[in-house]
Amino acid sequence: MTAELTAQVCVVGGGPAGLALAVELAKRSVSVVVLEQSGHFNRSFRGESVSPDSVWLLDRLGLLGRLDGTYAQVHHLEILDSGSAVLNVDFSDFPYPHPYPVELPQPALLSALADVGREHSGFTLRQSATAVGLLREQGESGPVTGVRARTPDGEIVVRADLTVAADGRFSKVREMSGLAYEKQPLDRDVIWLRLPFPEEWDSHTYRIRIRGGEHGLFIPTHPDSVRVGLNIAKGGLRDLRAQGLSALHEKLDRLAPELSASVRKEVQAWSDTSMLDIFTTVVPRWSMPGLVLMGDAAHTLTPILGQGVNHAIIDAVTLAPLVEEAMADGGGADALTRACEQFQQSREEAVRLSRALQLRQERLFALDGRLGGLTRRSLYRIVNGNRALQQRVLARAYFQVQEPGPTVAQRIVQQPASHN
């Protein structure tokens, strides 16, 4: 017998977007069921970079205090090109209440969100629940009225006034809905690995290293490691594997010799790495009657400048009050449809700007040859030498929601544990 649940909103996907939305809805007395495919929150290399705006939002949502001791605060951004510093950013120079990004492992964030959600009677989280079909009122072309999901205990049906696809960059709900989208591959993929934090680095700096057409991201990760993202040509993993692990080790040697010894010790098989297919997704329409996309399902971005979690959380706090208002007005399906359309209208310009900034950075990173390298270094040095220009460029990525004002965030200084 198929079990059945009923809620005003069914959220498919229990990542940062889905859980943040569910918490915001539950706080507004909107009943919500979250369906999450995984049975746990133990995710690696998944959206650990949280931008200053999202840190500010987490503080406003009452979550930041719950996360004390689980994250690393970032104070600087440094870009080295061919061994020379071309850009140095001090986030304390930015005149905002929360100027610092943080590195926050997703298990801690998701667990905190789930705990807050469970404090509200209208919140239900079902893990190990995989969406397998959409319920429709009038056949395949009718309004969406809920979701069918597969669980270890059998199939369940969730009937809802609104279904929200928050199931990520490979969204199954987006596919099942038939909403059109365009996947735009970039020229590279990224290999992720995690290494012990080197003693000679401070643990509060984002590092980007560039040499020729190669680049890597080096991200301090709580509590005592560094997350490394190495670029490779699109679809180039097979060729790299054919050259052997030594090719990966040597790529890291060229970019960050400080990590040469640890990468040979820690990465002794390809299973010690993770590959991310880099692409963006453009979705002309984020909604249809009874259904709306959000987060990566609506607008997949790249890892540059850590925009995925940022836009997911901003989506959540934007969509929740619109849904609450539509339901409070008693306007029914039409009011919800208008609310979802308003949600897209209010968010897509910010997403467009972030995507454009990321693509410009991708093109700069990929410049090769003597002229290409000289052009890139010159551009970064121009930005580095003009504080107003530097702040204007980075504010487009990091400060889309906060208003300028006195800093309220406490500056947290810590060093990773020794590996001796």
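The values are calculated or read from the model by the stated rules, or taken from the named source; none is laboratory data. Since this is a predicted model, take the numbers as computed values, not measurements. Here Cβ is always computed from backbone atoms with ideal geometry, including for glycine, and neighbour counts include all displayed protein chains. With ligands, DNA and RNA removed, areas are computed over all heavy atoms of the protein, side chains included. Shrake-Rupley method; radii C 1.70, N 1.55, O 1.52, S 1.80 Å.
For the stretch 170-190, does any single residue satisfy the condition of being farther than 30 Å from S225 by Cα, under 18 Å from the mean Cα position of the chain (by Cα) and of a type in the set (A, V, I, L, M)?
no
Looking at (1) under 14 Å from P99 (Cα atoms); (2) surrounded by 13 or more Cβ atoms within 10 Å (Cβ to Cβ), can you tell me which one P406 breaks?
Here P406 clears every test but (2).
If I ask for residues that are within 30 Å of G332 (Cβ to Cβ), hydroxyl-bearing (S, T, Y) and touching a Lys or Arg at 6+ places or on another chain (Cβ under 8 Å), which ones from the stretch 163-221 would you list? Break it down stepwise before answering.
Of all residues in the stretch 163-221, those within 30 Å of G332 (Cβ to Cβ) come to 163-168, 171-181.
The next check asks that each one be hydroxyl-bearing (S, T, Y); those that pass are 163, 171, 177, 181.
Correct list: Y181 only.
State all residues of the stretch 152-169 that are open to solvent by less than 20 Å² (accessible area, probe 1.4 Å) and over 24 Å from the mean Cα position of the chain (by Cα); if no residue qualifies, say none.
I156, V157, V158, A160, listed by residue number.
Considering only residues that are over 27 Å from S38 (Cα atoms) and open to solvent by less than 20 Å² (accessible area, probe 1.4 Å), which ones fall in the stretch 126-143? Can you show your working first?
Here is the first cut: in the stretch 126-143, the ones over 27 Å from S38 (Cα atoms) are 137-143.
Scanning the stretch 126-143 gives a single hit, G142.
So R347 passes all but one of these: (1) open to solvent by 50 Å² or more (accessible area, probe 1.4 Å); (2) closer than 30 Å to V30 by Cα. Which condition number does it fail?
(1)
Test of understanding: among V116, V89, V102, which residue is in contact (Cβ under 8 Å) with a residue 60 or more places away in the chain, within 25 Å of R387 (Cα to Cα), surrounded by 19 or more Cβ atoms within 10 Å (Cβ to Cβ) and of a type outside the set (G, A, S)?
The match here is V89.
What are the pairs, 6+ residues apart or on separate chains, where a residue within the stretch 292-319 that is of a type in the set (G, A, S) has its Cβ under 6 Å from a residue that is in a strand (DSSP E or B) and open to solvent by less than 10 Å² (accessible area, probe 1.4 Å)?
Taking only residues 6 or more apart or on different chains, the pairs are A297/A165.
Give just the number: which of (1) in contact with a Pro (Cβ under 9 Å, 6 or more places away or on another chain); (2) closer than 20 Å to A312 by Cα; (3) outside any loop (DSSP other than H, G, I, E, B) does L179 not satisfy?
Exception for L179: condition (3).
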